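Taking it in order: structure first as C-alpha cells, then the write-up.
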Amino acid sequence: MSASSPLPSEAQRLKIVFVGHVDHGKSTLIGRILHDTGSLPEGKVAAIQQACAAEGMEFEYAFLLDALLEEQAQNITIDTTQIPFRTARRQYVIIDAPGHKEFLKNMITGAASANAAVLVVAANEGVREQSRRHAYLLGLLGIRQVIVVVNKMDLVGYAEATFREIESEYGDFLATLGIEPRLFIPASARAGENVARRGQAAMDWYAKWTLLEALDELEAVTSPLDQPLRFCVQDVYRFDERRIIAGRVESGSLRVGDELVFSPTNKTAIVATIESWGETTRAAGVAGDSIGFTLREQIFVERGYVASHQTETPILANRFHAEVFWLAEAPLRKEAPYVIRLATQEIKGQVVAIEQVMDSSTLAISSGEITEVARNEVGRVTFQTRAPLVFDNHDRVPSLGRLVVMDGGTIAGGGIIFGGAYTTRAEVKSKNIVWSDSKITAQRRALQNGHRGAVVWLTGLSGAGKSTLAQALEAELFARGMHTYVLDGDNIRHGLNTNLGFSPEDRVENIRRVSEVAKLLADSGAVAITAFISPYRIDRGRAREIALEAQADFIEVFVDAPLAVCEERDPKNLYKKARAGEIRDFTGIDAPYEAPEDPEIVVPTAEQSVDESVAAILEQLLPRLRAAE
C-alpha cells in the first residue's frame, strides 16, 4: 500500500503498539514489517540505501523508521509515531512507543489508544527491567491482546533453549499481571525470520505463526461506536445568532433531535443542527468526529462539560479511585496540590489516600501507612477534587477513564479510574421545565457568608449517633457565624416524605428527595447537615452527584458504631421491636446496611465522645468550607 492510498476510518483500524527495551530491535522489526508488506512510499528504501552507502554505513531496516537525525545519533526513539500498513486480511496502525526509560510518558500516550500490543525482547539480553515495566503499563491501560516477539535469535544461534527460557520467565511474569500472551514468536527482524515469512531450517523447531499471521488472528475490538455517547466540549463559539458547541465525539454517536444531558450540571437540551468544519450541516456525529452543534434551548455550556444520552450518563464525583503511574522526579505526595486533566476538564485536587504502591519492575507491593509514590512506581490512590469531575470507569469507556496528573504545569503521572458507581438520573417528567440560574453566584455567596455551601452527609446505623452529632456540629458551625441547617431523618418523614415507608423502593425515594433539598440549601450558600441511615452506597453516590450538580462540596461522614453497640443504646427501642418482629425491613436486622467504602471522614462513636467526634469532623471540614477556589 502506498502512502497516498486511502485508509479506513479510525473505528475500522486495528491499532498495535510496539514496545520494547532500548536496543532490543523494535525499530528494526517495524521497519521490516513496513518493507515486507509494501507499506513504504515508492523509492523510500532505495533513498535510504543510497544515503547509507554515501556515509559508508551498513543499511539497517531501523533507518526506515528512525528518520530523525537526532534519533539516529542517540539510537533511541524519542517520540510516539503512528504508521499505517496492511496485510491481505485487514489494515493496521503501528504505534511506535519509546523504549527508553526517560520517555515513558510518551510510551503511555502511545499505548493509551492501542487495541493490542507487541512486546519485543532481545534473545541475547533476555527480559530486562524495562520489559517488565512496559508489560505492567500495558496491563494498567487495559491492553490484554499481547504478542511477544523474541527478537535477535540470530545472535544466539537460533537456540531453542534460549527462546524457551525467555518464554517461561516472561510468561510467568505476565501471568501475574493477568496478561496471557497470544503467542511467543522467535524471530530475527534483521534477517526477516518469522516476521512476514517462515523461519529457515535453523528454526525448524518452531512451527507456529509468523508475526503477521499472529496479528491477523487478533480479535476485532469493541468499536467506540458501540460505547455510550461521550461528547467532550472544547469551546462554545458565537456565529451570528447561533451558539455552536464544539468538541469531539469520544464514543457513541449523536443525531439531530437527540436529547443530551450535559454533566456536571445535569441540564438537558435537544440537538438542533450538527456542523463540521468545511461543511454546512450533517445528520449525525460518530466516535472520532470533531464537530459542532447547536441546541434548540439556550442553556449554559462551557469547556469541560460532557454530553451524553439520558439513559447512559457518566459518573459525577469529587472523590474517586485511580491507579497512577508516576513519572516525575519528585514523588507523588499525599495531600499535595495537583491538577487533574481528563479529556477537556482541568480540575485542582489532591491525593487523600494511598492504598498501596507497586514497583512496576518487580511487582513488589507496599501497603500500610503510605504517604508518597516514587518515580516509576504505581500507586492505587484516592483523589479528592475541588470541583466535580465527569468520568467513566476505564473498563467501560476508556477515553473518559484515563487521566493525567499535572504538577507545576508539567505532566507528572497518568493513570486509569476504576471502581466508580454508576447511578440512574431521575427522569424529567415535563420537557417544559428549565432550571433557573440565580444571578447571585456561589462565589459571591461564599464571599458574603465567609464560607462555601456544602452538604455534610452523616450515615450510619440507627443508634450510631448521627442526629446527636448533626445537632452538635450545627451548633459549632453556627457559633462560628456560619449558615447551617440540619435535615434529620425523622423530621423529614413528618412532612416532605410522610407518604414514604421503609421498603427498598421508598428508601431510595426518601434519599433522593433529601438529596435535592440538601442541594438547594447548599446552592443558597448554607451548610446542609443530613442525618440519615441511607443504607445503600448507590443512593449515597447519587446524593453526591446531586450536590455536585450545584457545584457544592459533598462530605460523607461515616458515623461508625458496631451493631451490638447500637442495639445496646437503642434510644427509641427500635431494635427491640425489630427483634420482636414488630418492625419489618429494619436496617441491621432484616435489611442490609452497606458501609461506606471510602468516606471523607470516619468517626468511631463507640470509642470517642460526642465532643471528640465533632472535633474530628471540624478538623477536616472547616478548611474545606473556608477554602477559596
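Just so you know, all these numbers are worked out from the coordinates, no wet-lab data involved. Because the structure is predicted, anything quoted here is derived from the model rather than measured. With ideal geometry, Cβ positions are generated from the backbone for all residues, glycine too; neighbour counts draw on all protein chains shown.
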Which ³J(HN,Hα) values in Hz, rounded to whole numbers, follow from the phi angles of the stretch 509-524 under the Karplus curve 6.51 cos²θ - 1.76 cosθ + 1.60, where θ = phi - 60° and Gly and Pro get x? 5, 4, 5, 4, 5, 4, 4, 5, 5, 4, 4, 5, 4, 5, 5, 7
Once you have the Cα-Cα distance between Gln608 and Thr273, take 0.36 nm times their residue separation minus that, and quote the gain in nm to one decimal. 114.6 nm
1/(1 + (r/R0)^6) with r = Cβ-Cβ of Leu622 and Asp204, R0 = 60 Å, i.e. FRET efficiency to nearest 0.05, evaluates to 0.20
Only counting other Cβ atoms within 10 Å, I'd like Arg132, Arg255 sorted with the fewest neighbours first. Arg255, Arg132
Please list, in order along the stretch 251-261, the HN-Hα scalar couplings obtained from phi with the Karplus expression 6.51 cos²θ - 1.76 cosθ + 1.60 (θ = phi - 60°), rounded to whole Hz, x for Gly and Pro. 7, x, 8, 9, 9, 4, x, 5, 8, 10, 9
When a/c reaches 1.5 or more, the comparison of a/b and b/c decides; with that in mind, is the stretch 316-418 rounded, prolate or oblate per its Cα gyration tensor? prolate
Long-range HN-HN contacts of Ala387 with modeled amide H, under 5 Å: Lys348
By the gyration tensor of its Cα atoms, with a ≥ b ≥ c the square roots of the eigenvalues, what is the shape of the stretch 516-616: rounded for a/c under 1.5, prolate for a/b over b/c, or oblate? prolate
If amide hydrogens are placed 1.01 Å from N in the peptide plane, which non-local residues have theirs closer than 5 Å to the one on Leu183? Val148
Exposure proxy order (Cβ contacts within 10 Å, fewest to most) of Lys26, Lys519, Lys577: Lys577, Lys519, Lys26
Once amide H atoms are built 1.01 Å from N in the peptide plane, which residues 5 or more positions from His483, or in another chain, come under 5 Å H to H? Val527
Whole-Hz Karplus couplings 3J(HN,Hα) for the stretch 385-399, θ = phi - 60° and coefficients 6.51, -1.76, 1.60, Gly and Pro as x, run 10, 6, 10, x, 10, 9, 7, 10, 5, 4, 6, 9, 10, x, 5
Which distance in nm do the two modelled labels at Asp506 and Tyr422 give, with both placed 7 Å along the Cα-to-Cβ direction? 3.1 nm
Based on Cα positions only, what radius of gyration and what Dmax would you give for the stretch 442-626, in angstroms? 16.0, 54
Over the stretch 224-309, volume per residue of the alpha carbon convex hull, in Å³: 81 Å³
With a 10 Å Cβ neighbour count serving as the proxy for reagent exposure, in which order, fewest first, do Glu241, Glu582 appear? Glu241, Glu582
Gain upon complete extension [Asp172, Glu217; 0.36 nm per residue less C-alpha separation]: 13.9 nm
